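All remarks here apply to the structure that follows.
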Amino acid sequence: AAWIEQFATSAEGGRPAPRPTGRHADRFAGQLVLVTGAGSGIGRATASAFAEAGARVIAVDRDAEAAARTAELSRLAGATDAWAEPADVSDEQAMEKLAEKVHDEHGVLDVLVNNAGIGLSGSFFATTTDDWRKVLDVNLWGVIHGCRLFGARMAERDQGGHIVNVASAAAYQPSRALPAYSTSKAAVLMLSECLRAELAGQGIGVTAVCPGFVNTSITSTARFAGVDEEEQRRRRQRTARLYGLRNYPPEKVADAILDAVADNRAVAPVTPEARGARLLYRFAPGL
Ligand code: NAD
């Protein structure tokens, strides 16, 4: 995906890109893939990677311009087609409208990536009721809406498919700095496991992906990272230890997502922290 950004901003930008020959080339040819939070970071990298693999990509973000840019990048990357849909995943009515539009205009999804999320740091007692609601509304309810509205149609169609929910390593690493965020992500893990059990009979895979500290806008905003630099340093170090990567780019998470969907099987965690959770999680990058 990095080359796509480069290409699009270069003097040659705007001309169709050469057909990608990378590891994902044509892996998802013609499949319909919807990514939420696709306007930035992991979501944009994931949309671009599916595009590179020949998918039809729907980029959803509450930031309409950012979603449009991702759709443009996806077309440059080789998507069979790409569309931008502005929507707030925490807004049930907006998500209902989106699902109706997508099903009418494009059909049932082959792959849904519930990636949209917001960060929030602050100790438990510094976190207001309003803060809790905001984080749970986006990080948990956003995933619930996506799974219900798109997953139900996948199940009805009965031709398989895959749902990826982007959780976080924060889901199983207790932290004094991120109680609301971590709780929202732990809930996403359990939701994914329950749904996986329910959809297994229909050949629909459900994967919760748990990235460590990735360099994106979520980790550079004051509400998430700037509050406690020491905590930030600890997280980077832990990510480097867990995943063997010092600078952990969003493209790595995108690769893990595409691998998980293509393999349609659990990837066993190997880290000491995750060992106890072996049966619970489908795990992510580099493992
Ligand atoms: P990011 O801020 O770069 O991207 C998030 C995108 O989601 C943005 O484009 C934003 O506009 C969009 N978004 C936010 N709220 C939305 C809503 N209500 N409706 C629709 N779109 C919305 O962050 P990122 O790091 O790419 O995060 C993507 C996901 O990865 C999040 O769920 C995050 O919790 C998770 N994650 C990130 C990290 C990390 O270190 N960056 C680690 C683990 C998990």
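The values are calculated or read from the model by the stated rules, or taken from the named source; none is laboratory data. What you see is a predicted model; the values in this text were computed from it and never measured. Here the Cβ positions follow ideal geometry from the backbone for every residue, glycine too, while neighbour counts run over all protein chains shown.
Key figures
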{"read-out": "Some residue of the stretch 49-58 being in contact with a Phe, Trp or Tyr (Cβ under 7 Å, 6 or more places away or on another chain) and within 13 Å of the ligand (Cβ to nearest atom)", "value": "yes"}
{"read-out": "Long-range neighbours under 8 Å by Cβ, at least six apart or interchain, first residue more than 29 Å from T207 (Cβ to Cβ) and surrounded by fewer than 16 Cβ atoms within 10 Å (Cβ to Cβ) within the stretch 115-136, second at pLDDT below 95 and of a type in the set (G, A, S)", "value": "S123/A177"}
{"read-out": "Filtered residue count, the stretch 72-99, keeping only those that are of a type in the set (A, V, I, L, M, F, W, C), out of contact with any Gly (no Cβ under 9 Å at 6 or more places or on another chain) and part of a strand (DSSP E or B)", "value": "2"}
{"read-out": "Helices (runs of 4 or more DSSP H) contained entirely in the stretch 136-254, each with at least 3 residues that are within 12 Å of the ligand (Cβ to nearest atom) and at pLDDT 85 or above", "value": "142-157, 179-199"}
{"read-out": "Filter result for G30 (part of a loop (DSSP other than H, G, I, E, B), at pLDDT below 95 and in contact with a Phe, Trp or Tyr (Cβ under 7 Å, 6 or more places away or on another chain))", "value": "no"}
{"read-out": "Residue count for the stretch 155-172, restricted to those that are touching a Cys at 6+ places or on another chain (Cβ under 8 Å) and farther than 22 Å from L258 by Cβ", "value": "1"}
{"read-out": "Residue count, the stretch 51-71 (criterion: in a helix (DSSP H, G or I), touching a Pro at 6+ places or on another chain (Cβ under 8 Å) and either of a type outside the set (A, V, I, L, M, F, W, C) or within 21 Å of D110 (Cα to Cα) (or both))", "value": "2"}
{"read-out": "Residues satisfying the stated conditions in the stretch 62-113, i.e. surrounded by 23 or more Cβ atoms within 10 Å (Cβ to Cβ), touching a strand residue (DSSP E or B) at 6+ places or on another chain (Cβ under 6 Å) and not aliphatic (A, V, I, L, M)", "value": "T70, S74"}
{"read-out": "The stretch 63-74 residues that are closer than 10 Å to A51 by Cα and near the ligand (Cβ under 8 Å from one of its atoms), paired with ones that are outside any helix (DSSP H, G or I) and not β-branched (V, I, T) (beta carbon under 6 Å, 6 or more apart)", "value": "none"}
{"read-out": "Some residue of the stretch 36-43 being in a strand (DSSP E or B) and near the ligand (Cβ under 10 Å from one of its atoms)", "value": "yes"}
{"read-out": "Residue that is surrounded by fewer than 18 Cβ atoms within 10 Å (Cβ to Cβ) and in contact with a strand residue (DSSP E or B) (Cβ under 8 Å, 6 or more places away or on another chain), where the choices are G160, G146, G142", "value": "G160"}
{"read-out": "Whichever residue in the stretch 113-129 is more than 15 Å from the ligand (Cβ to nearest atom) and outside any loop (DSSP other than H, G, I, E, B) and, among such residues, is farthest from A177 (Cα to Cα)", "value": "T129"}
